[in-house]
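Notes follow once the structure below has been shown.
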Amino acid sequence: MATTTWTNAQVLALAPDDSSIKSGKSLASASKWQNLGASDQAIWGECQGSGKNPYQSSIDLQETAFKCSCPSRKFPCKHGLGLLLLYADKPELFPESVSPAWVTEWLFKREQSATKKTEKQQAPSDPAAQAQRQAKREQKITAGLGELDRWLQDLISQGLAEMPAKSYDFWDGMAARMVDAQAPGLARRLREAAGIANSGDPNWVATLLTELSKLHLLVRGYDRLTEMPSGLRSEVRTQVGWTISQDELIDLAAQGEAEMVEGDWLVLGQTITEEDGGLRAQRIWLWGQSRFALILNFVYRQAPLDLSWKSGTVVAAKLIFYPSSATLRAIAINRQDSSGPLPMGDTNLSQALHRHHQAAIANPWLEIFPCFCAGVIPYRRDEEWWIVDRAGITVPLQIKERSGWQLAALSGGLPVALSGIWNSYNFKPLGSWVNNSYYVIGD
């Protein structure tokens, strides 16, 4: 029988939005389900909807994958959330049994798909053809950067006063040119800059000038890649839009050109953001071996996310870090659950801000940075949430109202240790240590 344990907070962290949380909770009742069951790998059940036949919902607990016969495009759907919430609360309602045919068939297809993916990754490549493709892309990028450089110079020479009157097409035209030049990283930055002048920020001129300066720095930096340290060179190429596949990263690690760290890692939490062109970015934040790590996944629209990382749990894994001037992103191999001690950070607020400052010096394009805030007290002021430390340093929180009250309840008015993400403006909590336990803070 399945023995994986879940908490309500871990399940709700998988929800795609607030309405799914509400609907999932309403279905986390035994009266809503029939034919519940569990095996060594999965749980399943049937939930009666508005149609004649009940919806068949199943969950692969080994890799945390969902399957439901309902027409919802959300992933996981409310039935999957309700089923897992019920399992987290009352696992005794799921008797050990042989999985029905519709569950067995789904698990078999998943196994076949994983096998085909592995075989495709192991297929030999043509080095000569790959080198030719890269050379052609380099030519396109170089030409595109030349156009962007001239465009930026014209924009600055004309001044920024007229920017609020510019339409989105003004920015999107150059962004589309960067896509054609196979520099998607620059296209994303241009599209993000498009709304700054009309954002309502009273300091929009300074904000826009900062973003344009970062673009200019990338253009100039790409022309001087050979003069840079290897980490900074990799960061510039990544920011422009070059990617390193997992297989390539593993090869780099074997050659000693990528850092590999093995040990126990606490899953601090995860965030999901909407990116350009219908892309969703899933960021899974880890802490262990006295350092942070980021597992970054991209999916299009409603494609399934990687739900196998349970926030608040400790995993044993070997992480391989992508080369960068501020090493953070990694992939995980040989991952399994761990019963080791709970890793904990103890950086105070002042130290956390200093570390972010140092990281931004190493990587000027750094947008968000994980950190700890130990010894802070959450409080509410002017309908917003803040934290304050013993030295009186205050920082605004990026947190929803209900999660703010959850954090206040965990604190009880006393100092707590938080993990979270700093974006130079506010701090987004991921979790809190209380009495040697880690509690996930809901979004």
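Okay, residues lined up against (1) open to solvent by 40 Å² or more (accessible area, probe 1.4 Å); (2) among the basic types (Lys, Arg); (3) modelled with pLDDT of 90 or more:
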| position | (1), (2), (3) |
| --- | --- |
| 364 | yes, no, yes |
| 391 | yes, no, yes |
| 418 | no, no, yes |
| 437 | yes, no, no |
| 440 | no, no, yes |
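Beta carbons closer than 7 Å, at least 6 apart along the sequence or on distinct chains, pair a first residue in the range 85-98 that is closer than 15 Å to residue 28 by Cβ with a second that is outside any helix (DSSP H, G or I) and of a type in the set (A, V, I, L, M) for 85/28; 86/28; 87/43; 89/28; 93/36; 94/36; 94/38; 94/43.
Looking across the range 161-175, the residues that are open to solvent by less than 40 Å² (accessible area, probe 1.4 Å) and either out of contact with any Phe, Trp or Tyr (no Cβ under 9 Å at 6 or more places or on another chain) or basic (Lys, Arg) (or both) come down to 171, 175. Restricting 49, 37 to those that are free of Cβ contacts under 8 Å to residues at least 60 places away in the same chain and of a type in the set (Gly, Ala, Ser) reduces the list to 49.
Residues satisfying the criterion are present in the range 207-215 (criterion: over 21 Å from residue 138 (Cα atoms), in contact (Cβ under 8 Å) with a residue 24 or more places away in the chain and open to solvent by less than 40 Å² (accessible area, probe 1.4 Å)).
Every condition in (1) aliphatic (A, V, I, L, M); (2) more than 25 Å from residue 210 (Cβ to Cβ); (3) at pLDDT below 90 is met by residue 349 except one, and the failing one is (2).
Beta carbons closer than 7 Å, at least 6 apart along the sequence or on distinct chains, pair a first residue in the range 340-369 that is touching a residue at least 24 places away in the same chain (Cβ under 8 Å) with a second that is acidic (Asp, Glu) for 340/264; 343/264; 348/389; 349/389; 363/235. Exactly one residue among 22, 67 is open to solvent by 40 Å² or more (accessible area, probe 1.4 Å) and either aliphatic (A, V, I, L, M) or over 23 Å from residue 108 (Cα atoms) (or both), and that residue is 22.
Taking residues in the range 226-245 that are free of Cβ contacts under 8 Å to residues at least 60 places away in the same chain, and partners anywhere that are among the aromatic types (Phe, Trp, Tyr) and in a helix (DSSP H, G or I), the pairs with Cβ atoms closer than 8 Å and at least 6 places apart or on different chains are 236/222; 237/222. Filtered by the rule that a residue be closer than 15 Å to residue 353 by Cβ, part of a strand (DSSP E or B) and without any contact (Cβ under 8 Å) to a residue 40 or more places away in the chain, the range 388-443 gives 388, 394, 396, 397. Within the bounds of the range 363-376, is there any residue that is in contact with a Pro (Cβ under 7 Å, 6 or more places away or on another chain) and farther than 25 Å from residue 317 by Cα? Among the residues of the range 363-376, at least one is in contact with a Pro (Cβ under 7 Å, 6 or more places away or on another chain) and farther than 25 Å from residue 317 by Cα, which makes the answer yes.
Counting the residues of the range 201-227 that are farther than 13 Å from residue 163 by Cα and not acidic (Asp, Glu) gives 16. In summary, residue 329 fulfils each of the numbered conditions (1) of a type in the set (D, E, K, R); (2) farther than 24 Å from residue 282 by Cβ; (3) buried (at least 17 other Cβ atoms within 10 Å of the Cβ) with the single exception of condition (2).
Remark: residue 385 matches the filter, which requires a residue to be open to solvent by less than 30 Å² (accessible area, probe 1.4 Å), closer than 20 Å to residue 13 by Cβ, without any contact (Cβ under 8 Å) to a residue 24 or more places away in the chain and part of a strand (DSSP E or B). Exactly one residue out of 270, 282 is more than 14 Å from residue 317 (Cα to Cα), open to solvent by 20 Å² or more (accessible area, probe 1.4 Å) and part of a strand (DSSP E or B), and it is 270.
Within the range 216-256, the set of residues being in a loop (DSSP other than H, G, I, E, B) and either on the phi < 0 side of the Ramachandran plot or surrounded by 13 or more Cβ atoms within 10 Å (Cβ to Cβ) (or both) comprises 223, 224, 228, 229, 241, 242, 243, 244, 245, 255. Apart from one condition, residue 311 fits all of (1) closer than 23 Å to residue 65 by Cβ; (2) without any contact (Cβ under 8 Å) to a residue 60 or more places away in the chain; the exception is (2). Restricting attention to the range 285-325, the residues that are in a loop (DSSP other than H, G, I, E, B) and closer than 28 Å to residue 229 by Cα total 6. Considering each residue of the range 149-163, count those that are in a helix (DSSP H, G or I) and free of Cβ contacts under 8 Å to residues at least 40 places away in the same chain, and give that number. Here the count works out to 6.
Would you be able to say whether some residue in the range 9-17 is over 18 Å from residue 310 (Cβ atoms) and either open to solvent by less than 20 Å² (accessible area, probe 1.4 Å) or of a type outside the set (Lys, Arg) (or both)? Scanning the range 9-17 turns up at least one residue that is over 18 Å from residue 310 (Cβ atoms) and either open to solvent by less than 20 Å² (accessible area, probe 1.4 Å) or of a type outside the set (Lys, Arg) (or both). Among what's in the range 348-371 and is out of contact with any helix residue (DSSP H, G or I) (no Cβ under 7 Å at 6 or more places or on another chain) and part of a loop (DSSP other than H, G, I, E, B), pick the residue that is farthest from residue 188 (Cα to Cα). Of everything passing the filter in the range 348-371, 368 is farthest from residue 188 (Cα to Cα).
The values are calculated or read from the model by the stated rules, or taken from the named source; none is laboratory data. Predicted model only: the values in this text are computed from it and were never measured. With ideal geometry, Cβ positions are generated from the backbone for all residues, glycine too; neighbour counts draw on all protein chains shown. Remember, those area values only see protein heavy atoms, side chains included, never the ligands or the DNA or RNA. Shrake-Rupley method; radii C 1.70, N 1.55, O 1.52, S 1.80 Å.
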